[in-house]
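These notes concern the structure reproduced below.
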Amino acid sequence: MFDTLSLTHLPKAEQYQQLAEQARVLMVGETDRIANAANLSALVMHALPDLNWAGFYFYDGTELVLGPFQGKPACLRIQLERGVCGAAATSRQTQLVPDVHAFPGHIACDAASRSEIVVPLIREGRLIGVWDVDSPIPARFDVKDQSGMETLCQIYLDSVFGIR
Ligand code: SME
């Protein structure tokens with residue numbers, strides 16, 4: 001059984017270093033995108049403080065469709081021109097949103113969310129989906145979180161599509 005430890009007491013850089021190691025261990029030898037997405041969501045939600053949602057939306061060729069996640073039930077489908085997730089998918093840039101209420105078109109799946117980070121999942125120029133994490137704390141995410149989350153997404157993509 002994998003023991004998911006809370007990393008709350010550690011500085012951010014170490015939190016993400018340990019998370020990356022744990023993510024690699026969790027996904028080694030498994031290529032199923034749903035299985036690995038489910039475990040990464042659970043790992044991050046349990047290990048990091050002050051989160052209320054962590055999970056995936058996958059691109060089906062038309063829009064973003066809800067994938068494995070931890071948190072309250074969320075919107076099933078997001079059009080590419082909508083919300084923070086749509087902005088990450090179309091710009092192909094990580095969206096760091098310190099105040100979701102100030103983000104035009106933000107989609108409130110959980111009314112408790114105050115800040116959000118969304119990382120686009122891109123493989124060989126192709127949009128795979130997005131990784132979305134929400135917090136009830138304003139400005140919960142900074143560039144250290146961005147760097148750490150982008151590394152986790154790379155580990156995820158490598159597990160599913162192979163290391164490039
Ligand atoms: N807030 C997101 C929608 C997804 S939920 O946060 C899970 C957005 O604006 O795209």
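The values are calculated or read from the model by the stated rules, or taken from the named source; none is laboratory data. For clarity, every value in this text was computed on a predicted model and none was experimentally measured. Please note: Cβ atoms are built from the backbone with ideal geometry, for glycine as well, and neighbour counts cover all protein chains shown. Remember, those area values only see protein heavy atoms, side chains included, never the ligands or the DNA or RNA. Shrake-Rupley method; radii C 1.70, N 1.55, O 1.52, S 1.80 Å.
Tallying residues that are closer than 19 Å to E150 by Cβ, within 9 Å of the ligand (Cβ to nearest atom) and touching a helix residue (DSSP H, G or I) at 6+ places or on another chain (Cβ under 6 Å) within region 76-108 yields 2. Determine whether region 77-91 contains at least one residue that is exposed (fewer than 14 other Cβ atoms within 10 Å of the Cβ) and in contact (Cβ under 8 Å) with a residue 40 or more places away in the chain. Within region 77-91 (the criterion being exposed (fewer than 14 other Cβ atoms within 10 Å of the Cβ) and in contact (Cβ under 8 Å) with a residue 40 or more places away in the chain), the answer is no, since none of the residues qualifies.
Counting only residues that are open to solvent by 60 Å² or more (accessible area, probe 1.4 Å) and basic (K, R), region 124-142 holds 1 of them. Put simply, of S147, S113, S159 the only residue that is in a loop (DSSP other than H, G, I, E, B), among the polar types (S, T, N, Q) and touching a residue at least 40 places away in the same chain (Cβ under 8 Å) is S113.
One residue stands out among those in region 31-63 that are of a type in the set (A, V, I, L, M) and over 19 Å from D142 (Cα atoms): the one that is most open to solvent (accessible area, probe 1.4 Å), which is I34. There is no residue in region 123-143 that is in contact (Cβ under 8 Å) with a residue 24 or more places away in the chain, assigned to a helix (DSSP H, G or I) and not β-branched (V, I, T). Contact map, region 33-61: first residue under 15 Å from A20 (Cα atoms), second residue open to solvent by less than 40 Å² (accessible area, probe 1.4 Å) and assigned to a loop (DSSP other than H, G, I, E, B), Cβ cut-off under 7 Å, separation 6 or more or different chains; pairs are M45/L51; A47/L7; L48/L7. Residues of region 149-162 that are open to solvent by 10 Å² or more (accessible area, probe 1.4 Å) and not acidic (D, E): T151, Q154, I155, S159, V160, F161, G162.
Of the residues that make up region 95-105, is at least one closer than 25 Å to S159 by Cα and buried (at least 21 other Cβ atoms within 10 Å of the Cβ)? Yes; the residues of region 95-105 include at least one that is closer than 25 Å to S159 by Cα and buried (at least 21 other Cβ atoms within 10 Å of the Cβ).
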